[in-house]
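Have a look at the structure below before the remarks.
The values are calculated or read from the model by the stated rules, or taken from the named source; none is laboratory data. From a predicted model like this one, the values you see are computed outputs, not experimental measurements. Positions of Cβ are generated from backbone atoms using ideal geometry, with glycine treated the same way; all protein chains shown enter the neighbour counts. Only protein heavy atoms, including side chains, enter the accessible area calculation; ligands, DNA and RNA are left aside. Shrake-Rupley method; radii C 1.70, N 1.55, O 1.52, S 1.80 Å.
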Amino acid sequence: MFSPEIETIDRKQLREMQLERLKHIVAYAYDNVEMYKRRFDEIGLKPSHIRTLKDVALIPYTTKDDLRDNYPFRLFAVPMKKIIRLHASSGTTGKPVVCGYTRNDLDNWSTCIARVLSMAGATDEDIIQVSFGYGLFTGGFGLHYGIEKLGATVVPVSSGNTERQIMLMKDFGVTALVATPSYAMYLAETARKMGVIDDLKLRLAITGAEASTPEMHESLKQIFHVFPTENYGLTEVGGPGVAGECREKAGMHINEDMYYPEIVNIEENKVLGEGEQGELLLTTLTKEGMPILRYRTKDITSLTYEPCKCGRTLARMSRIVGRTDDMLIIRGVNVFPSQIESVLMGMGELGKSYEIIVDRVNYMDTIEVRVEVLDANLLTDYSKLEELVARIKHNLRVVLQIDVKVKLVEPFSIKRAEGKVKRVTDLRKK
Ligand code: DLL
């Protein structure tokens, strides 16, 4: 454990710490960020009205639009002189979301990452390859400095050049990989093709930055012989390091001394209780550069406060079910891409790459899943092919309650991503 005094803290003591930090950060945001002062003044809210943790509900939400409206630096609470790093989201449309860090912010960030790595089972003996992109994306540099703080050896390869990544992994005796789950899978497939899996010393795959399913983790375990864990974060609150899975793989432990999580039902404007599923809100408790109050992540999850078998008392968030904005509504039925992934990854004949194409034909929504087969020979055996397609359709129907068109394609015919994968193409939006 990297910070046992925090990770196993008595929850009553933690709540006291959170309240003290919450009061501080609210006053700090009010005093130093014009938007927060205006928001509070508009509804007559004073920082002194925050007397208990529950009072956090009095504070208006912060949204991505607020960040865009205040682009690039208007949510910073310190003069630019104190900001020593900038990162920005990989958003493909509109202005990116920017985050600024003071020296203390970077130090806290590295601590959060070191904890997440150590939860996954990494130690200062590990050689860790970072295959997240280095640059404005928070993944590369975020993990990099966390690994150094843990005292492990960092191999900053960044993303791309997949065969070379495998060569380095082998030659350097890399023991842990940091990547998106889809890129980790691409690396696994490539290593298998190169016939070097047994020459690798890899034991951990620390994945994050995009959704994955237990089935995907199981596949990584089988193909790459690694123990996969996942971790979570977002640029708006600083990047990765918000939460991570421990070896129990029973939810991601939230670094609650730094982030105050809530689950809300947005339509009803209601804070939900333990175990209830809704949108995750995050309040940064220690950020100096860009404090954020009740940020609407759009990520759907639930929380549990039960102590974990690993000994940590930090709350755990369940795997992200999906984002409120990537939920597909097909003929009135809500479909999350993760539901489709669970079905596909659970079927042995299929490869690990797939795509989802949604369209509207004659006013009717259509959904097609294209998925690779493991063995190309199957595509020429008509009866086997038909049987497999029927089985996939059936399994999807059981989970989604709708009919899905299924197309099986050759191994490696779907383009692989080197960072975050984009699985869904929604042609209705055109
Ligand atoms: O993806 C930060 C990050 C880097 C997290 C490396 C973990 C590891 P953004 O690019 O701003 O930041 O994207 C944030 O990605 O709101 C989620 O929708 C999604 N996301 C991140 N981690 C997970 C995860 C980074 N473990 C957005 N499971 C978030 C599902 C995730 N979705």
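Quick rundown of the values:
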| item | result |
| --- | --- |
| Those residues of the range 213-271 which are closer than 21 Å to GLY346 by Cα and without any contact (Cβ under 8 Å) to a residue 12 or more places away in the chain, in sequence order | LYS221, GLN222 |
| Any hit, the range 259-279, residues being within 12 Å of the ligand (Cβ to nearest atom) and in the same structural domain as THR180 (by TED's automatic domain parsing) | yes |
| Residue among GLY133, GLY173, GLY142, GLY146 that is under 23 Å from GLU210 (Cβ atoms) and either assigned to a loop (DSSP other than H, G, I, E, B) or open to solvent by 20 Å² or more (accessible area, probe 1.4 Å) (or both) | GLY133 |
| Every residue from the range 185-204 that is assigned to a helix (DSSP H, G or I) and touching a residue at least 12 places away in the same chain (Cβ under 8 Å) | MET185, TYR186, LEU187, ALA188, GLU189, THR190, ALA191, ARG192, MET194, ILE197, ASP199 |
| Members of the range 223-258 found to be of a type outside the set (Val, Ile, Thr), more than 13 Å from the ligand (Cβ to nearest atom) and in contact with a helix residue (DSSP H, G or I) (Cβ under 9 Å, 6 or more places away or on another chain), listed by number | PHE224, HIS225, PHE227, CYS246, ARG247, GLU256, ASP257, MET258 |
| Identity of the residue in the range 317-329, outside any loop (DSSP other than H, G, I, E, B) and surrounded by fewer than 19 Cβ atoms within 10 Å (Cβ to Cβ), that ends up nearest to the ligand (Cβ to nearest atom) | ARG323 |
| Verdict on ARG103 being surrounded by fewer than 21 Cβ atoms within 10 Å (Cβ to Cβ) and of a type in the set (D, E, K, R) | yes |
| So ARG296, is it under 15 Å from the mean Cα position of the chain (by Cα) and open to solvent by 10 Å² or more (accessible area, probe 1.4 Å) | yes |
| Count of residues meeting criterion [in a loop (DSSP other than H, G, I, E, B) and crowded, with 18+ Cβ neighbours inside 10 Å] in the range 331-379 | 1 |
| Among (1) within 17 Å of the chain's Cα centre (by Cα); (2) outside any helix (DSSP H, G or I) - the single one SER182 does not satisfy | (2) |
| Out of LEU314, LEU303, sole residue that is in the same structural domain as GLU276 (by TED's automatic domain parsing), open to solvent by less than 30 Å² (accessible area, probe 1.4 Å), modelled with pLDDT of 90 or more and closer than 16 Å to VAL116 by Cβ | LEU314 |
| Search result, residues across the range 158-215 that are among the charged types (D, E, K, R) and either on the phi > 0 side of the Ramachandran plot or within 16 Å of the ligand (Cβ to nearest atom) (or both) | GLU210, GLU215 |
